[in-house]
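Here is the structure we will look at.
The values are calculated or read from the model by the stated rules, or taken from the named source; none is laboratory data. Everything quoted here is computed from the prediction, not taken from an experiment. All Cβ positions, glycine included, derive from the backbone under ideal geometry; neighbour counts span all protein chains shown. Ligands, DNA and RNA are excluded from the accessible area calculation, which covers all protein heavy atoms including side chains. Shrake-Rupley method; radii C 1.70, N 1.55, O 1.52, S 1.80 Å.
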Amino acid sequence: MANYPHLLAPLDLGFTTLKNRVLMGSMHTGLEETKDWNRVATFYAERAAGGVALMVTGGMAPNREGGVFPGAAGLFNDQDIANHKVVTDRVHDHDGKICMQILHAGRYAYSPDCVSASPVKSPISPFPPKELDEDGIEKQIADIAEAARRAKEAGYDGVEVMGSEGYFLNQFLVTHTNKRTDRWGGSLENRMRLPIEVVKRVRAAVGEAFIIIYRLSMIDLVPNGQTWDEVVTLAREIEKAGATIINTGIGWHEARIPTIATSVPRRAFTWVTQKLMGEVGIPVITSNRINTPQVAEDVLADGCADMVSMARPFLDDSQFVAKAMRGEADLIAPCIACNQACLDHTFSGKMTSCLVNPRACFETELVIEKANASKAIAIVGGGPAGLSTALACADRGHKVTVFEKASEIGGQLNMAKTIPGKEEFYGLVDWYAASLAAKGVDLRLDTEAKVEILRDFDEVIIATGVTPRDPSIPNEGGHVVGYRDVLLHGTQVGDRVAVVGAGGIGFDVSEFLVHEGESPTENLAAWKEEWGVGDPEETRGGLAPEGPQPEAPARQITLLQRKSTKVGKGLGKTTGWIHRAALQMKNVKMMGGVNYEKVTAEGLHVSFGEARENPQVIEADTVVICAGQVSERSLADSLEAAGVACHVIGGADVAAELDAKRAIDQGTRLAATL
Ligand code: NAP
Ligand code: SF4
């Protein structure tokens with residue numbers, strides 16, 4: 001096999017064979033809760049058709065008390081079984097295999113009815129759990145086994161028992177959350193009793209020829225987590241209890257170490273899974289920040305695991321495996337691990353999707369099909385809005401021309417990729433370039449589109465983006481620069497810097513300025529040291545005994561905003577804490593509620609409150625303006641004046657809090673209608 005020989009090799013499980021080594025890991029999408037089973041089935045069927053060997057559904061609750069939130073989906077009755085059968089049938093029609101994840105949230109359940117080993121409230125939930133008695137524990141085991149039996153009846157090829165990320169089964173394993181003195185707590189044997197019993201009972205409920213994946217927390221990343229000996233002992237017992245495969249879980253949800261965000265190095269935790277190789281006789285899957293076929297291939301070739309789990313990459317591109325097989329890796333839409341449209345949505349109660357691929361989970365609603373007639377379409381602007389629109393228009397059979405006045409495509413993405421921790425944006429820009437070429441889009445770089453040229457097209461789309469806002473702070477001899485000067489043009493910046501504006505770009509610029517030399521995201525050892533990731537063989541839970549050891553900041557930064565709310569409040573729901581923590585580790589001073597008075601050679605002069613009291617000078621050699629943007633609409637205005645109709649999208653349409661997610665979604669939806 002020419003391409004990716006390890007990744008594309010089959011895996012024989014005895015009673016069934018997986019066609020390659022790729023697992024689509026579990027993701028809670030919110031699809032099941034819509035109760036539109038055709039929509040759920042279409043999501044999974046598209047991915048089965050794309051060649052992935054095995055998929056795992058989002059977590060299904062085994063009972064009401066174990067649901068992640070009240071009303072969480074599960075297989076509670078015959079109708080649920082019939083609904084899930086719609087999904088499994090469609091997956092099997094495409095030669096796919098699918099396991100249902102059984103997720104009991106324990107104390108992470110967002111409900112006053114949540115249950116656990118002991119009444120120890122989690123730091124990420126407002127509800128203290130009820131301590132289960134012997135009968136209560138038996139009920140949970142029976143409910144999980146019954147959920148597995150129902151999954152088999154619904155046509156699933158197996159189940160994944162969720163035993164990691166700090167959920168119910170994990171909560172029994174460590175003394176941090178298990179304070180019991182009966183046969184379910186205390187000694188390791190007692191703490192392991194629940195997960196082992198669960199796997200035994202699930203196996204008894206489903207019979208032999210049925211996949212049981214056990215997701216096992218291999219590095220808890222919380223104080224008093226498991227030791228490595230405990231992890232290995234548990235894994236062996238789980239194998240004996242009847243599991244078919246062991247999957248890797250990294251970190252509890254309450255861990256204060258990022259595990260999947262974009263600043264986490266690629267394959268940052270495969271070394272943990274590798275430790276388990278040879279300790280058990282069943283296949284082992286590794287996970288986290290694996291997002292290209294080459295990375296996955298290398299992980300397997302290095303002997304880190306028997307199989308690789310990728311989840312979010314299948315939101316970006318359902319055809320990941322098929323394209324890898326065809327040697328078209330450069331055409332796989334990359335997951336940049338931003339969480340902006342997937343986990344941030346999930347945790348805000350919104351339908352999951354993908355920043356790069358707005359069709360993810362909207363497959364039945366946002367349909368890109370061949371247009372009745374091919375049109376000549378001009379797109380002005382080669383940023384994310386324009387490029388996504390161009391690709392979708394080309395897919396529809398239109399003849400597309402993109403005009404970009406710069407010498408390269410990417411727009412604002414070219415700034416993002418310069419930030420330490422955001423190197424994934426390079427891959428995104430490269431993917432746009434490869435896809436434009438593959439789809440025959442006529443790309444005209446260094447070209448300013450003129451009204452007279454645009455007049456000749458059937459449709460004109462303006463995606464000219466934004467220009468930085470000038471907050472007009474009086475400058476009396478200070479050094480003031482814009483964020484584009486710093487990120488794109490290499491303008492020199494002094495040792496003491498005041499950053500005006502604490503939105504996504506203010507944070508990015510601060511991150512850029514506190515680092516010097518190699519980005520920790522490109523150097524696993526440095527990244528582990530920075531965040532305090534140790535070895536579970538040496539310390540419980542794998543937390544480094546000395547804690548986080550960040551490098552000294554390259555500059556002294558003050559990050560300011562006028563709002564009096566917490567600085568960074570508007571950042572991503574699941575990633576904002578990482579950006580704030582990263583800057584705090586670099587001693588960045590964050591100040592809210594300021595008025596900007598003036599800049600002098602001394603620095604930035606601010607005052608506070610409506611009465612502009614308590615004047616203060618933020619001593620700074622350079623002031624960097626990151627005060628948001630305004631729409632760049634001059635071409636749209638000229639077209640309107642000349643009577644040429646156009647569609648305005650992305651930042652050119654609305655600049656306020658513009659982000660790539662909205663721009664790409666808007667452009668793709670427009671393309672679907674042309
Ligand atoms: P932004 O998020 O809109 O933030 C603009 C900042 O400038 C705010 O802190 C605002 O705070 C301040 N500001 C606004 N008007 C001002 C004025 N007249 N004078 C002084 N300060 C002013 O814009 P951005 O930071 O430029 O980012 C643009 C978009 O790119 C973001 O919305 C985001 O979606 C995207 N982005 C995202 C990320 C990410 O990590 N997800 C990273 C970079 C960029 P006050 O009004 O309180 O002063
Ligand atoms: Fe990946 Fe971002 Fe898409 Fe989520 S939204 S799947 S993290 S690219």
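General remarks:
- Of all residues making up the range 173-224, the number that are more than 30 Å from residue 544 (Cα to Cα), assigned to a helix (DSSP H, G or I) and open to solvent by 60 Å² or more (accessible area, probe 1.4 Å): 3
- Qualifying residue in the range 408-422 (condition: away from ligand 1 (no atom under 16 Å from the Cβ), more than 20 Å from the chain's Cα centre (by Cα), open to solvent by 20 Å² or more (accessible area, probe 1.4 Å) and on the phi > 0 side of the Ramachandran plot): no
- Odd one out for residue 432, checked against (1) within 16 Å of ligand 1 (Cβ to nearest atom); (2) aromatic (Phe, Trp, Tyr); (3) not assigned by TED's automatic domain parsing to the domain that holds residue 509: (1)
- Residue 94 being under 22 Å from the mean Cα position of the chain (by Cα) and either in the same structural domain as residue 329 (by TED's automatic domain parsing) or closer than 24 Å to residue 327 by Cα (or both): no
- Tally of residues being over 26 Å from the mean Cα position of the chain (by Cα) and on the phi < 0 side of the Ramachandran plot across the range 489-515: 11
- Scan the range 268-285 for residues that are under 14 Å from residue 524 (Cβ atoms) and away from ligand 2 (no atom under 16 Å from the Cβ) and the total you get is 5.
- Yes/no for residue 456 being more than 15 Å from ligand 1 (Cβ to nearest atom) and over 32 Å from the mean Cα position of the chain (by Cα): yes
- Residues in the range 338-368 that are away from ligand 2 (no atom under 16 Å from the Cβ) and either within 30 Å of residue 125 (Cβ to Cβ) or not in a loop (DSSP other than H, G, I, E, B) (or both): 349 alone.
- Qualifying residue in the range 28-39 (condition: in the same structural domain as residue 150 (by TED's automatic domain parsing) and closer than 30 Å to residue 178 by Cα): yes
- Taking the criterion of being under 11 Å from residue 445 (Cα atoms) and either of a type in the set (S, T, N, Q) or part of a strand (DSSP E or B) (or both), the residues of the range 372-407 that qualify are 380, 401, 402, 403, 407.
- Scanning the range 601-611 for residues that are at pLDDT 95 or above and open to solvent by 20 Å² or more (accessible area, probe 1.4 Å) returns 601, 602, 605, 608.
- Matching residues in the range 618-646 - criterion: being small (Gly, Ala, Ser) and either within 15 Å of ligand 1 (Cβ to nearest atom) or on the phi > 0 side of the Ramachandran plot (or both): 627, 628, 631, 643
- Pairs where the first residue, in the range 330-345, is closer than 26 Å to residue 439 by Cα and assigned by TED's automatic domain parsing to the domain that holds residue 384 and the second is more than 8 Å from ligand 2 (Cβ to nearest atom) and open to solvent by less than 10 Å² (accessible area, probe 1.4 Å), C-beta under 8 Å, 6+ apart: none
- Subset of the range 50-76 (residues that are β-branched (Val, Ile, Thr), open to solvent by less than 10 Å² (accessible area, probe 1.4 Å) and not in a strand (DSSP E or B)): 52
- Residue match in the range 614-627 (condition: among the hydroxyl-bearing types (Ser, Thr, Tyr), away from ligand 2 (no atom under 16 Å from the Cβ) and surrounded by 23 or more Cβ atoms within 10 Å (Cβ to Cβ)): yes
Table: residues versus (1) within 19 Å of residue 22 (Cβ to Cβ); (2) more than 20 Å from the chain's Cα centre (by Cα); (3) away from ligand 1 (no atom under 16 Å from the Cβ).
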residue: 248; (1), (2), (3): yes, no, yes
residue: 269; (1), (2), (3): yes, no, yes
residue: 275; (1), (2), (3): no, yes, yes
residue: 294; (1), (2), (3): yes, no, yes
residue: 341; (1), (2), (3): no, no, no
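- Among the conditions (1) modelled with pLDDT under 95; (2) within 16 Å of ligand 1 (Cβ to nearest atom), residue 517 misses just one, which is (2).
- Pick from the range 508-527, criterion open to solvent by 40 Å² or more (accessible area, probe 1.4 Å) and touching a residue at least 60 places away in the same chain (Cβ under 8 Å), ranking: farthest from residue 223 (Cα to Cα): 512
- Of all residues in the range 34-76, those satisfying the criterion of being aliphatic (A, V, I, L, M) and within 24 Å of residue 8 (Cβ to Cβ) are 45, 48, 49, 52, 53, 54, 55, 56.
- Residue in the range 91-100 that is open to solvent by 10 Å² or more (accessible area, probe 1.4 Å), closer than 25 Å to residue 255 by Cα and not in a helix (DSSP H, G or I) present: no
- Residues within the range 467-492 that are open to solvent by less than 20 Å² (accessible area, probe 1.4 Å) and aliphatic (A, V, I, L, M), tallied: 3
- The range 1-28 residues that are part of a strand (DSSP E or B), paired with ones that are open to solvent by 20 Å² or more (accessible area, probe 1.4 Å) and among the β-branched types (Val, Ile, Thr) (beta carbon under 9 Å, 6 or more apart): 11/17
- Test: residue 542 is touching a residue at least 24 places away in the same chain (Cβ under 8 Å) and farther than 26 Å from residue 257 by Cα: no
- When restricted to residues that are surrounded by fewer than 18 Cβ atoms within 10 Å (Cβ to Cβ) and either charged (D, E, K, R) or without any contact (Cβ under 8 Å) to a residue 40 or more places away in the chain (or both), the range 29-38 contains 3.
- Just one of (1) buried (at least 16 other Cβ atoms within 10 Å of the Cβ); (2) within 16 Å of ligand 2 (Cβ to nearest atom) fails for residue 371. It is (2).
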